[in-house]
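Each value in this text was obtained by applying a stated rule to the coordinates, not by laboratory testing. This one's a predicted model, so the numbers in the text were calculated from it and none came from an experiment. Here the Cβ positions follow ideal geometry from the backbone for every residue, glycine too, while neighbour counts run over all protein chains shown.
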Amino acid sequence: MSDNAEKFSNESYVAHRLSRLRFIKKAGLFVGLTATGGLLAACGDATVTPAGAIPTAGTGPATTVAGTTVAGGATSAAGSFDWMKYKGTTLNILLTKNPWSDNMEKFVPDFEKLTGMKVQLENIPEQQARQKLVVDFTGGGTYDAFFTSLHVEKQRFTKAGWYTPLNDYLKNPALTPADYDWENDIFPSGKDAVTAPDGKIIALPISVDIWMFYYRKDVLQEKGLKPPTTLEEMENVAKTLTTPPTMYGFVARGLKNASAPAWGWVLKSFGGDYLTKDGKANINTPQAVQSLEYYARLMGKDGPPGAVNFNWPEASAAFIQGQVAMYFDGVSFSAQFEDPTKSKIVGKVGYSVLPKGPAGQNVPAFTIGMAVSSSSKNREAAYLFCQWATNKETSLKEQLGGYPTARFSALNDPKAKASVKMPPDWSEALLQSYKVATLGLPAITAVTEFRDISGVAIADAIGGKSAKEALDKANKEFQDLLDKTEK
């Protein structure tokens, strides 16, 4: 994904629905993360769970999803759910290769034993999987369920009618057991991401991935510097710490296409956005120009040589090798910083929410999920696979396997807490980041093409060209793209 689209090979939400991840909505109060990284109880309108305990599913009243009542209010008798309902069915499942799907391959035999179904599973790289899906749907469709990167595919696949709406499945107790607990256990941000503007639920969320700020505590301390909390402070610290060729103050993505969400964070921090309220191209405003000038200065003056060609692997490598003082990217990359077999900076990294800009603080976020194909002849059986793959038990297995999920219970489980190897400031930064996270890329059909267009402008500016001229050109191309694809 990370990008998240490239890193696991993923990134997404509905723009007008997601100006902020609504972590406090309905839950009423966010208690926080423990020092070991576990999430404590969410309280308010939801069922209250004592701090430190695992939220219990199915103990409250029936809940509502997109205008429909969802199974999960009354606790069902143990073992009452019929997992063998579609025994003998063969499902064709397509996954995008990443850590979650690699773990899922190991768990599929458990599903087959539980349900009596047979799963024919493909787990292939993202671009190959997406191309294969498009060809398959165009030819009539052979897959029953598929992994979906909502930041890239949501608008296009929704418009094409390739997602099966899941609202009725979620409210059907014969298809959704009580302990699935859609309302109370799944991150509100994840639910927003898989909900279309018309209220149709088009997938079940797997994970919500956010970006975080990383810095070398030891390097800053040696210079008597405090960790930056604003973009202005970050640039000043980067200037002070840049002492080529041994140390560079800052690194992030510079490579065309990959750099779009990285600059997008700066764009929003300066008060800009990808689109106007009526959906027009909006990336050459004064705020956009200022944001690109800022990003280009940091990358060009305080980044390592060749940073304009860095994607996340190169940027992460430079940070891990101790060549760079500050870096930001997906939280899923951060575990490697504390791995002594890979990192030269173990124990030396500080973690925080991304610094604030002139317009405030925001964090890019991206969601992935499992969807039922509209072409499937086994939709209910395919839904059983999707809800099993994202339920509490399977999500906890994924969490223990090192992959973040979209469930409170997985974060709050004692085993998950004990398995966290990251420092306490990482846990706190994760919580605070979720609270201010926003759409990481524009909610449009042609996301990939937009990334190509904006990526050229970013690279040109880093290379020394006028940010205004680069963005004027990109904005025209972006509007032409919107005219062709967003009708």
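Roughly speaking, what is the centre-to-centre gap between region 182-212 and region 296-350 when only Cα atoms are used, to the nearest Å?
Value for the Cα centre distance between the two parts: 30 Å.
Is the shape of region 182-247 best called rounded, prolate or oblate, per the rule: a/c under 1.5 gives rounded, else a/b larger than b/c gives prolate, else oblate, with a ≥ b ≥ c the square roots of the Cα gyration tensor eigenvalues?
Since a/c reaches 1.5 and a/b is larger than b/c, the shape of region 182-247 is classed as prolate.
Below 9 angstrom from the Cβ of K348, what's the summed charge of the other residues (Lys, Arg +1; Asp, Glu -1)?
Working: positive: R216, K217, K344; negative: D218.
Result for the neighbourhood of K348: +2.
Calculate, axis by axis, the spread of Cα positions in region 347-450 along the three principal axes, and write the results as whole Å, longest axis first.
51, 41, 20
Work through the residues other than E469 whose Cβ is under 12 Å from its Cβ and net out their charges, Lys, Arg +1 and Asp, Glu -1.
Computed value for this residue: +1.
Taking neighbour counts of Cβ atoms within 10 Å as a proxy for exposure, in what order, fewest first, do T438, T285 appear?
T285, T438
What residues of region 379-394 lie in the reach of a label at A335, counting those whose backbone N is under 20 Å from a point 7 Å from the Cα along Cα→Cβ?
389-394
Longer than 26 Å from Cα to Cα, which of K277/K356; K301/K468; K159/K473; K200/K277 are they? Say none if no pair is.
K159/K473
Say the cut-off is 18 Å between C-alpha atoms; which of K118/K377; K87/K118; K342/K417 go over it?
Violating the 18 Å Cα-Cα cut-off are K342/K417.
Can you tell me the length gained on complete extension of the stretch A359 to N236, counting 0.36 nm per residue apart and subtracting the Cα distance? Can you show the working numbers first?
On the way: separation 123, 0.36 × 123 = 44.28 nm, distance 1.86 nm.
That pair, A359 and N236, stretches by 42.4 nm at full extension.
Using a Förster radius of 25 Å, what is the FRET efficiency between K344 and Q221 based on their Cβ-Cβ separation? Nearest 0.05, please.
Computed FRET efficiency for K344 and Q221: 0.90.
Could you compute the net charge surrounding T89? Neighbours are other residues with a C-beta less than 12 Å from the C-beta of T89; K and R count +1, D and E count -1.
+2
According to a simple spin-label model (label point 7 Å from Cα along Cα-to-Cβ), what is the distance in nm between Q321 and K377?
Placing both labels 7 Å beyond Cα along the Cβ direction yields 5.4 nm.
Return one quarter of the surface area of the convex hull spanned by the alpha-carbon atoms of region 265-415, equal to its mean projected area, in nm².
For region 265-415, the mean projected area of the Cα convex hull comes to 13.5 nm².
Counting other Cβ atoms within 10 Å, which trypsin sites (Lys or Arg not before Pro) in region 249-292 have at most 16 and lie in a DSSP loop?
Passing sites in region 249-292 are K277, K280.
Suppose we keep just the DSSP beta bridges with both residues in region 72-201; what percent of those would be antiparallel, to 5? Write down the numbers at each step before the final one.
Details: 1 of 10 bridges.
So the antiparallel bridges amount to about 10 percent of the total.
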